[in-house]
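Written below as structure tokens is the structure these notes are about.
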Amino acid sequence: MLQDDCSYDKIGRLPSIVKCAFADISEGRDAVVLTTEPAWAAVNGIAVHPKQLIYVDGNTGAYMTTLAEACEGEVVYGIGGGLAIDTAKYVASANGLPLVALPTILSTDAFLTDATGVRENGCVRYLSSKTPDTVIIDMDLLCNAPAPMRASGAADVLSIATAMWDWQEAEKMSENPPSQQITPQIIDIGTTLLQTLLDNAREIGRGTPTGLKLLLDLLCMEVQLCYLCGHSRVEEGSEHHFVYAIENHLTPAKQTSTESVHGNDGTVLHGELVGLGILLMAALQSQPSWTQYRHALECLQINYRLPGLSTDAIAETLIGLSAYVTEHQLPYTVATTLRITPDIAERTIKTVLD
Ligand SMILES: [Zn+2]
């Protein structure tokens, strides 16, 4: 029995995951539904009758607090991708209500985690919220979701390629704090997750039940691995820092989200930006095998060539990245020390996108 004053590390855990068709759900409680218009259309006819139906369109802490204060119901549903579910986690947690998550695309790992990412002052901050009590997986619905969206969360597994490099580099430079020391076993496990993704990228990209089941497994294992480590360095490094920085070029921070941001030409998914970040950072890290990550993104049907994003915006972000990570006190990565001149930026972008 643990005493109240005993200090101990608590290891987070995954939600309970139920596989069933959304058509088989029957919800009798008053529900607060946080979703997006396309996601709500995709689950058309579901037997969840919202007392409140909210289309989420912001992701600042202030926006989420407003939603949480207006919340009236007995259960919260998050239906959609990362944005809707992350917001539902915050609203349920603030009101002490049970939470059911219905992912309509596997676009991030948000439906598995206990924190909500909010954008503030041009960067991302994670607020502790809650893990969904239940996640319902409707495999048929996921397989039939639009190809460029349904598996874009695979980028949050592929990001091990650059994040783990950064973490190992930080270890070499004695830049990891005591709570973030590396063990070779964690590296082995991370390497296995990454390799499994690379070996199966085509199957996952095809959106078959086998492929998407594997992607779900990989996301679960990646999240559990982060819980065991007590931090996310195994999958969150310079590629994510690049994403947080470049989001400022896309739109006012208010409209960006964990799942998607809105460029001039429409919606940009988190996984698409992370995909681009992985390629640029892997090239800057001089990883000899970076082209296999590009091949994997193509197999996964993740569109890392973003039409709404100009080469100038990418170059500007790269050139300013070192100052950005210093300003926001982000962990040590290749972006911390590498001085990216306009020349290096231009060459790297050309290498990766040509
Ligand atoms: Zn991510």
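The values are calculated or read from the model by the stated rules, or taken from the named source; none is laboratory data. All figures in this text were calculated on a predicted structure; none of them were measured in a lab. Note: ideal-geometry Cβ built from the backbone for every residue, glycine included; neighbour counts use all protein chains shown. With ligands, DNA and RNA removed, areas are computed over all heavy atoms of the protein, side chains included. Shrake-Rupley method; radii C 1.70, N 1.55, O 1.52, S 1.80 Å.
May I ask you to list the residues in the range 35-56 that are open to solvent by 50 Å² or more (accessible area, probe 1.4 Å), under 19 Å from residue 91 (Cα atoms) and in a helix (DSSP H, G or I)? 37, 40, listed by residue number. Only one of the numbered conditions (1) under 21 Å from residue 247 (Cβ atoms); (2) out of contact with any strand residue (DSSP E or B) (no Cβ under 6 Å at 6 or more places or on another chain); (3) of a type outside the set (Gly, Ala, Ser) is not met by residue 11, and that is (1).
Count of the range 114-126 residues, restricted to those that are open to solvent by 10 Å² or more (accessible area, probe 1.4 Å) and in contact with a Gly (Cβ under 8 Å, 6 or more places away or on another chain), is 5. Taking first residues from the range 146-169 that are farther than 19 Å from residue 203 by Cβ and charged (D, E, K, R) and partners that are part of a helix (DSSP H, G or I) and open to solvent by 10 Å² or more (accessible area, probe 1.4 Å), the Cβ contacts under 6 Å between residues at least 6 apart in sequence or on separate chains come to 166/334. The set of residues in the range 333-354 that are among the β-branched types (Val, Ile, Thr), surrounded by 12 or more Cβ atoms within 10 Å (Cβ to Cβ) and either in contact with a Lys or Arg (Cβ under 9 Å, 6 or more places away or on another chain) or at pLDDT 95 or above (or both) comprises 333, 334, 336, 340, 344, 348, 349, 351, 352.
Being part of a helix (DSSP H, G or I) and more than 16 Å from the ligand (Cβ to nearest atom) is the requirement here; does residue 186 meet it? Answer is yes for this residue.
The residues in the range 90-113 that are open to solvent by less than 30 Å² (accessible area, probe 1.4 Å) and away from the ligand (no atom under 16 Å from the Cβ) can be counted, and the count is 8. Scanning the range 251-292 for residues that are open to solvent by 10 Å² or more (accessible area, probe 1.4 Å), at pLDDT 85 or above and in a helix (DSSP H, G or I) yields a total of 7. Can you confirm whether residue 174 is assigned to a helix (DSSP H, G or I) and over 17 Å from residue 296 (Cα atoms)? It is false that residue 174 is assigned to a helix (DSSP H, G or I) and over 17 Å from residue 296 (Cα atoms).
Number of residues in the range 224-243 that are away from the ligand (no atom under 13 Å from the Cβ) and in a helix (DSSP H, G or I) equals 5.
To keep it simple, each residue is scored yes or no on (1) open to solvent by less than 30 Å² (accessible area, probe 1.4 Å); (2) more than 14 Å from the ligand (Cβ to nearest atom); (3) modelled with pLDDT of 95 or more.
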residue: 80; (1), (2), (3): yes, yes, yes
residue: 85; (1), (2), (3): yes, no, yes
residue: 88; (1), (2), (3): yes, yes, yes
residue: 128; (1), (2), (3): no, yes, no
